[in-house]
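Take a look at the structure set out below.
The values are calculated or read from the model by the stated rules, or taken from the named source; none is laboratory data. Note that the structure is predicted; figures quoted are calculated from it, not measured. Because the Cβ atoms are built from the backbone with ideal geometry, glycine has one as well, and the counts that use them run over all protein chains shown.
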Amino acid sequence: MGSLFSLDDQLAQYKAYHLNPTNVLIHIICIPQIFFTSFIIVSYINFPQTEIKLSTIGAILYSTYYIFLSPKMGLLSLPFIVITYLSALYLEINYSMFRVLFYAISVNLGAWGFQFVGHFVFEKNSPAVFDDLVQPLVLAPYFVLFELVFMLGYMNKSWRKGLMKRGNC
């Protein structure tokens, strides 16, 4: 697993499970949906005897952890996290709980289903979530950002090659 606080270790582990371009594309599409719908679902959970929502704690923890791993990339992820958090709160406050949760859970499960197809059909391996629950759930949204910046040519090729090598890819 490597160190949970080492960006290189976490990226290498992630990349080891995501080599097929079709699977990577599926993740780029589905992970933001899972992230957003998860925030919607947990926005309905308050800590006992407080107004503090689980989604608030989640947004703070995701932001802090991502900035800790890489200040530049963490700050780049911050607008996405804030917009996700605020949008989830907006839906929770302004619309029927049943309707919002129905759609959120439906989209969440559908996106998970597509990711499993990506792994089993295109990647020909099981998803990382079967081996380690924390890494995929906490870091997957961050890795989508990395995939996008890699596609745009950000970060040098030798660094990316090193990650592939360390991940036994």
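What's the number of the condition Asp9 fails, among (1) in contact with a helix residue (DSSP H, G or I) (Cβ under 7 Å, 6 or more places away or on another chain); (2) more than 15 Å from Phe122 (Cα to Cα); (3) of a type outside the set (Gly, Ala, Ser); (4) in a helix (DSSP H, G or I)?
Here Asp9 meets the rest and fails (1).
Does Ala111 satisfy being in contact with a Cys (Cβ under 7 Å, 6 or more places away or on another chain), in a helix (DSSP H, G or I) and surrounded by 12 or more Cβ atoms within 10 Å (Cβ to Cβ)?
Working: in contact with a Cys (Cβ under 7 Å, 6 or more places away or on another chain): yes; in a helix (DSSP H, G or I): yes; surrounded by 12 or more Cβ atoms within 10 Å (Cβ to Cβ): yes.
In short, yes.
Of the numbered conditions (1) exposed (fewer than 15 other Cβ atoms within 10 Å of the Cβ); (2) among the acidic types (Asp, Glu); (3) farther than 26 Å from Asp9 by Cα, Asp131 satisfies every one except a single condition; which is it?
(3)
Looking only at segment 133-156, which residues are of a type in the set (Val, Ile, Thr) and closer than 20 Å to Gly58 by Cβ? Working first, answer last.
From segment 133-156, those of a type in the set (Val, Ile, Thr) are 134, 138, 144, 149; that's our starting set.
Matches in segment 133-156: Val134, Val138, Val144.
Specify which of the listed residues (Ile81, Ile67, Ile60) is surrounded by 14 or more Cβ atoms within 10 Å (Cβ to Cβ), under 27 Å from Val149 (Cβ atoms), out of contact with any Gly (no Cβ under 6 Å at 6 or more places or on another chain) and of a type in the set (A, V, I, L, M). It would help to see each step written out before you state the result.
Working: Ile67 fails: out of contact with any Gly (no Cβ under 6 Å at 6 or more places or on another chain); Ile60 fails: surrounded by 14 or more Cβ atoms within 10 Å (Cβ to Cβ).
It is Ile81.
One line per residue, one yes/no per condition, for (1) modelled with pLDDT of 95 or more; (2) of a type outside the set (Val, Ile, Thr):
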position	(1), (2)
Pro48	no, yes
Ile60	yes, no
Leu69	no, yes
Pro79	yes, yes
Tyr85	yes, yes
Ala88	yes, yes
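For segment 64-87, what are the residues that are among the polar types (S, T, N, Q) and more than 17 Å from Ile40 (Cα to Cα)?
Taking segment 64-87 and keeping what is among the polar types (S, T, N, Q), we get 64, 70, 77, 84, 87.
The answer is Thr64, Ser70, Ser77.
Condition check: hydrophobic (A, V, I, L, M, F, W, C) and either over 15 Å from the mean Cα position of the chain (by Cα) or modelled with pLDDT of 90 or more (or both). Does Leu133 satisfy that?
Details: hydrophobic (A, V, I, L, M, F, W, C): yes; either over 15 Å from the mean Cα position of the chain (by Cα) or modelled with pLDDT of 90 or more (or both): no.
The answer is no for Leu133.
Select from segment 84-104 the residues that are assigned to a helix (DSSP H, G or I) and surrounded by fewer than 14 Cβ atoms within 10 Å (Cβ to Cβ) and list them in ascending order. It would help to see each step written out before you state the result.
Taking segment 84-104 and keeping what is assigned to a helix (DSSP H, G or I), we get 84-94, 97-104.
Residues satisfying the conditions are Leu86, Tyr90, Ile93, Asn94, Met97, Phe98, Arg99, Phe102.
Tell me the residue from Lys15, Lys53 that is within 30 Å of Met97 (Cβ to Cβ) and charged (D, E, K, R), please.
Numbers: Lys15 fails: within 30 Å of Met97 (Cβ to Cβ).
Unique residue meeting the criteria: Lys53.
Which residues, taken from segment 84-109, are among the small types (Gly, Ala, Ser) and without any contact (Cβ under 8 Å) to a residue 24 or more places away in the chain? Spell out the reasoning first.
Initial filter on segment 84-109 (among the small types (Gly, Ala, Ser)): 87-88, 96, 104, 106.
Matches in segment 84-109: Ser96, Ser106.
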